Amino acid sequence: MRLDKKHIDNHNTDQSALHNKRLRFAKDEIADADQIIEKLKAFQVAIPSWALGTGGTRFGRFPGGGEPGTIEQKLEDVGLLHALNQSSGAVSLHIPWDIPQDHQALKNLAAELGLSFDAVNSNTFQDQKDQEYSYKFGSLQNVDKQVRDQAIAHNLEVIRHGEALGSKSITVWLSDGSCFPGQINFRRAYENTLESLREIYAGLPADWKLFLEYKAFEPNFYSTTVGDWGQSYSYVNKLGEKAYTLVDLGHHLPNANIEQIVSLLLMEGKLGGFHFNDSKYGDDDLTTGSIKPYQLFLIFNELVEGMDARGMNHANDLGWMIDASHNVKDPLEDLLQSVEALMIAYAQALSVDKQALKQAQMESDVVRAQEILQHAFRTDVRALVAEARLQTGGALQPLGLFRDLQVRKQLVAERGFQQSTGL
Ligand SMILES: [Mn+2]
């Protein structure tokens with residue numbers, strides 16, 4: 001299914017009087033509003049192919065119908081999001097949940113939809129049908145060299161798929177670890193993992209990046225071999241300049257200061273990218289910004305400050321991806337909400353009075369520093385985000401238009417009540 005541009009134009013015309021009123025107010029309130037709008041226009045968030053179907057939990061899954069059953073349909077769904085918000089111009093594929101057959105045809109379809117291929121993701125946390133060796137006791141850390149070699153070969157194959165699609169990075173997330181004390185030797189697990197990662201890194205094209213994602217716990221509950229940012233940093237530092245740490249917001253222990261982690265990784269030049277989501281308790285995979293929007297703002301504040309300090313390009317120098325899974329919402333509506341939350345947090349961070357904040361910090365004026373940050377967080381930037389969409393051909397209210405056009409109903413009519421592939 002494709003959206004007819006005239007629906008977007010009609011929607012924008014209907015909304016224009018209200019939007020212009022809000023925009024005038026926002027521009028009065030916010031210094032450099034036009035510069036913020038330009039940055040918002042350039043900012044794109046990659047949509048993971050596995051978020052387009054209902055996720056489910058280990059207790060059950062409640063698919064909503066019309067879910068994509070092929071990679072082509074997944075691209076079309078991301079194309080729908082991008083047509084609506086003009087900020088979802090990339091897709092992140094997962095191998096082997098998505099195995100591209102005709103790479104050129106997929107590239108052509110993506111180009112038609114205005115999409116590019118972001119990081120490709122490998123999977124050695126599940127056993128696949130016909131797989132020779134099991135990952136039950138880990139993949140890259142495994143005590144058996146044959147298991148490690150199989151996992152390395154899989155990652156190299158994922159890189160080859162990514163190359164054929166024009167992707168420039170691979171994200172490696174390992175579930176490797178242990179469930180009980182004594183099960184593994186921590187040092188041996190680290191050394192095996194490092195040696196395996198070195199072989200994957202050696203197969204990386206010159207202009208590629210390797211992102212090493214960490215996670216505190218689950219599915220292993222005693223130890224995880226890449227369990228936190230310090231461990232990921234230790235590996236990527238040894239691997240080389242093309243290896244970076246990837247931060248997934250849901251992969252921390254409760255109350256971790258993620259904004260400080262981001263700041264230090266940026267300072268070290270080793271922050272590679274993000275998986276956005278939100279959580280209350282653990283890796284809850286909830287909609288970005290739905291639980292802790294202030295934390296999201298503080299993270300973006302560090303991102304903007306840290307990237308500017310290093311002269312980095314906000315839009316291109318880090319990988320921005322969503323990683324969430326949905327059991328009760330329409331996945332496309334959820335993704336529209338997630339991207340909106342990211343754009344709002346980014347716009348708020350851009351609006352922080354950085355000179356005043358620096359001065360408050362140098363004077364140890366704690367109250368003033370808090371006021372400056374909270375002023376930015378409490379300022380309504382939604383009209384700037386909407387204006388950026390309008391200027392790039394998107395809809396002023398993507399979610400409202402998605403519902404008005406009954407997109408899901410049309411997808412169900414087109415595809416039926418099918419299950420998505422993957423999760
Ligand atoms: Mn992730």
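The values are calculated or read from the model by the stated rules, or taken from the named source; none is laboratory data. Quick caveat, the model's predicted, so the values are computed rather than measured. When we count neighbours, we look across all protein chains shown, and the Cβ atoms used for this are built from the backbone with ideal geometry, even at glycine.
Overview of results
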| quantity | calculated |
| --- | --- |
| Residue that is nearest to VAL381 (Cα to Cα), among those in region 256-307 that are in a strand (DSSP E or B) and of a type in the set (Gly, Ala, Ser) | GLY273 |
| Tally, over region 169-209, of residues that are closer than 27 Å to SER92 by Cβ and touching a Ser or Thr at 6+ places or on another chain (Cβ under 7 Å) | 8 |
| Residue tally, condition outside any loop (DSSP other than H, G, I, E, B) and farther than 15 Å from ILE47 by Cβ, over region 73-105 | 3 |
| Filtered residue count, region 111-127, keeping only those that are more than 18 Å from the chain's Cα centre (by Cα) and either in a loop (DSSP other than H, G, I, E, B) or under 18 Å from ALA315 (Cβ atoms) (or both) | 6 |
| Selection within region 79-107 - of a type in the set (A, V, I, L, M, F, W, C), more than 16 Å from the chain's Cα centre (by Cα) and under 30 Å from LEU384 (Cα atoms) | LEU80, ALA83, LEU84 |
| Enumeration of residues in region 156-174 that are assigned to a helix (DSSP H, G or I), away from the ligand (no atom under 16 Å from the Cβ) and not charged (D, E, K, R) | LEU156, ILE159, HIS161, GLY162, ALA164, LEU165 |
| Among the residues listed as GLU333, GLU371, GLU363, the single one being surrounded by fewer than 23 Cβ atoms within 10 Å (Cβ to Cβ) and under 23 Å from ASP283 (Cα atoms) | GLU333 |
| Failed criterion for ALA189 (all others in (1) away from the ligand (no atom under 16 Å from the Cβ); (2) in contact with a Gly (Cβ under 9 Å, 6 or more places away or on another chain); (3) assigned to a loop (DSSP other than H, G, I, E, B) hold) | (3) |
| Selection within region 343-361 - touching a residue at least 60 places away in the same chain (Cβ under 8 Å) and either under 20 Å from the mean Cα position of the chain (by Cα) or under 14 Å from TYR294 (Cα atoms) (or both) | MET343, TYR346, ALA347, LEU350 |
| Breaking point among (1) modelled with pLDDT of 95 or more; (2) in contact with a Ser or Thr (Cβ under 6 Å, 6 or more places away or on another chain); (3) closer than 30 Å to LYS409 by Cβ; (4) within 16 Å of the ligand (Cβ to nearest atom), for GLN337 | (4) |
| Any hit, region 240-255, residues being in a helix (DSSP H, G or I), in contact (Cβ under 8 Å) with a residue 12 or more places away in the chain and more than 15 Å from the ligand (Cβ to nearest atom) | no |
| Residues of region 41-70 that turn out to be hydrophobic (A, V, I, L, M, F, W, C) and at pLDDT below 95, as a count | 5 |
| Any chance SER325 is over 22 Å from ARG389 (Cβ atoms), crowded, with 17+ Cβ neighbours inside 10 Å and either within 22 Å of the chain's Cα centre (by Cα) or of a type outside the set (D, E, K, R) (or both) | yes |
| Number of positions in region 217-238 that are outside any helix (DSSP H, G or I), surrounded by fewer than 19 Cβ atoms within 10 Å (Cβ to Cβ) and either among the β-branched types (Val, Ile, Thr) or touching a helix residue (DSSP H, G or I) at 6+ places or on another chain (Cβ under 8 Å) (or both) | 1 |
| Any chance SER178 is under 25 Å from TRP229 (Cα atoms) and out of contact with any Leu (no Cβ under 8 Å at 6 or more places or on another chain) | yes |
| So ALA341, is it closer than 28 Å to TYR244 by Cβ and assigned to a helix (DSSP H, G or I) | yes |
| GLN397 vs. criteria surrounded by fewer than 19 Cβ atoms within 10 Å (Cβ to Cβ) and at pLDDT 95 or above | no |
| Answer residue from region 256-296, given it is among the hydroxyl-bearing types (Ser, Thr, Tyr) and within 16 Å of the ligand (Cβ to nearest atom) and is surrounded by the most Cβ atoms within 10 Å (Cβ to Cβ) among those | THR288 |
| Filter result for SER325 (under 24 Å from THR171 (Cα atoms), of a type in the set (Gly, Ala, Ser) and touching a strand residue (DSSP E or B) at 6+ places or on another chain (Cβ under 7 Å)) | no |
